[in-house]
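J.: Please see the structure below; I have some questions.
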Amino acid sequence: MITEIINSNDKKAMQRAADLIKSGGVVAFPTETVYGLGANAFDGAAVEGIFTAKGRPADNPLIVHIENMNMIESIAVGIPDDFYLLYEKFMPGPLTVVLHKNKKISDAVTAGLDTVAVRFPRHRTAAELIKKSGCPIAAPSANISAHVSPTTAEHVFADLNGRIPMIIDGGECSVGIESTILDLTGDTPVILRPGAITLDMLRKTLKEVAEVECRAETPKAPGMKYRHYSPNAELRLTGNRGEAAAFYDEAAAAGKNVALIVKASNAPYYGSRNIFVIPDDAKGYAKKIYALLRLAETSSDTIICESPETSGAGASVLNRLNKAVGKSGFKTDGRSETL
Ligand code: AMP
Ligand code: MG
């Protein structure tokens with residue numbers, strides 16, 4: 001299959017992208033978080049195409065993307081008041097909420113769960129694609145399963161060339177890490193995956209919000225069961241530049257091709273070592289981390305990464321990096337984490 005890359009400003013090509021979705025195809029598209037691989041959420045066979053293209057395990061559910069509130073009732077039932085409070089404050093934006101599912105949504109989307117994850121993206125191209133397609137679009141990140149999420153069209157192409165018909169190029173994603181996932185189906189709202197919308201921000205809108213790393217039953221959020229976000233290289237994470245330099249020298253002495261991802265303010269410290277520079281601030285770090293992991297993995301077999309700051313958005317990036325190194329890998333059964 002030839003993979004075509006179209007420009008998001010090309011109206012005619014955007015119409016062809018929507019026609020592909022309408023006819024049961026899959027299309028990769030930009031959002032403010034990461035690039036998604038989308039299909040009609042009402043069409044089970046189309047959604048299967050996403051799983052095939054990514055090599056994604058069938059029991060890992062997708063997020064359903066909408067572009068207006070009228071779509072919500074065809075996706076979810078028994079929508080709680082909290083949803084509308086969150087809608088006023090954070091939507092469109094990088095927040096996904098888990099609700100009780102409407103039967104119209106394909107079981108392939110929700111991996112057989114009776115709940116559904118919904119997001120209203122802020123990115124104008126994502127909104128345009130959903131609107132032109134006339135249906136909610138189910139989409140996970142547009143990478144080969146378990147690899148680092150894509151934040152540019154080139155990243156998507158690198159993973160999925162020949163496996164999908166079309167990628168919409170809308171430039172670099174502004175947030176750079178996946179959405180916050182908040183479960184609204186229990187007594188208390190629970191953050192299943194941290195993201196740019198932080199616990200503190202949510203607590204200003206909702207009375208009570210809890211955080212969960214994992215639940216023992218059916219996994220409810222990414223990273224609970226499978227390894228995620230991993231570069232094709234050994235990844236080590238440290239908050240200490242002395243330790244980062246020592247890891248580097250040790251690996252280099254052992255004959256490894258080593259890369260360091262270091263904060264801009266620490267860059268001079270590393271002398272002539274092979275460094276990739278990342279912004280110090282948490283938002284800038286989140287925006288660039290996946291691109292730098294992808295860049296570093298092309299030339300290195302070992303990547304040593306300085307941790308982001310641990311507050312706010314930094315904590316969400318740290319969550320992804322910890323999963324990438326396998327620290328918080330969580331298995332509910334004997335299946336491999338490296339699918
Ligand atoms: P991705 O962002 O590529 O990891 O894909 C979407 C993520 O949303 C999945 O990994 C799921 O864990 C999460 N998700 C989708 N549907 C649900 C749901 N019904 N309950 C909890 N999490 C969900
Ligand atoms: Mg993903």
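We did not get these values from a lab; they are worked out from the coordinates using the rules stated. Predicted model only: the values in this text are computed from it and were never measured. Cβ atoms come from the backbone with ideal geometry, glycine included; neighbour counts cover every protein chain shown.
J.: What list do you get for THR302, THR31, THR188 if you sort them by fewest beta carbons within 10 Å?
T.: Lowest count first: THR188, THR302, THR31.
J.: May I ask you to derive the FRET efficiency for LYS11 and LYS89 from their Cβ-Cβ distance with R0 = 30 Å, giving the value to the nearest 0.05?
T.: Taking R0 as 30 Å, the efficiency between LYS11 and LYS89 is 0.40.
J.: So, in nm, how far is label ALA158 from label GLU211 when the simple model puts each one 7 Å beyond its Cα toward the Cβ?
T.: 3.0 nm
J.: By a straight-distance test (C-alpha under 12 Å), which aspartates and glutamates pair with LYS263 as possible cross-link partners, with residues fewer than eight away in the same chain excluded?
T.: Counting by Cα, and skipping residues close in sequence, LYS263 has these aspartates and glutamates nearby: ASP280, ASP281, GLU306, GLU309.
J.: Lysines within cross-link reach of LYS89: Cα-Cα under 21 Å, excluding same-chain residues under 8 positions apart?
T.: Qualifying lysines at Cα under 21 Å: LYS204, LYS207, LYS283.
J.: What relative contact order, as a whole-number percentage, does the chain give when Cα pairs under 8 Å and 6 or more residues apart are counted?
T.: Dividing the mean separation by the residue count of the chain yields 19 percent.
J.: Based on other C-beta atoms within 10 Å, arrange SER133, SER141, SER23 from fewest to most.
T.: Values: SER133 20, SER141 29, SER23 10.
Fewest-to-most Cβ neighbours within 10 Å comes out as SER23, SER133, SER141.
J.: Could you tell me what percent of the DSSP beta bridges with both partners in the chain are antiparallel, to the nearest 5? Don't skip to the answer; put the middle values down first.
T.: Details: 19 of 48 bridges.
Taking every DSSP beta bridge within the chain, about 40 percent pair in antiparallel fashion.
J.: Pull out the extension gain between GLU243 and LEU199, defined as 0.36 nm times the separation in residues minus the alpha carbon to alpha carbon distance; nm, one decimal.
T.: Between GLU243 and LEU199, full extension yields 12.8 nm more.
J.: Another question, if that's okay. Please enumerate, by chain and number, the aspartates and glutamates with C-alpha under 15 Å from the C-alpha of LYS54, excluding those fewer than 8 residues away in the same chain.
T.: Within reach: ASP159.
J.: Expressed as a whole number of Å, what is the distance separating the alpha-carbon centroids of segment 127-187 and segment 1-78?
T.: Segment 1-78 and segment 127-187 have Cα centres spaced 8 Å from each other.
J.: A further question on this structure: Highest first, please rank the peptides 165-171, 33-39 by the mean number of other Cβ atoms sitting within 10 Å of their residues.
T.: 33-39, 165-171
J.: Counting other beta carbons within 10 Å of each Cβ, put HIS147, HIS155 in order, fewest first. Don't skip to the answer; put the middle values down first.
T.: On the way: HIS147 23, HIS155 26.
By the 10 Å Cβ count, ascending, the order reads HIS147, HIS155.
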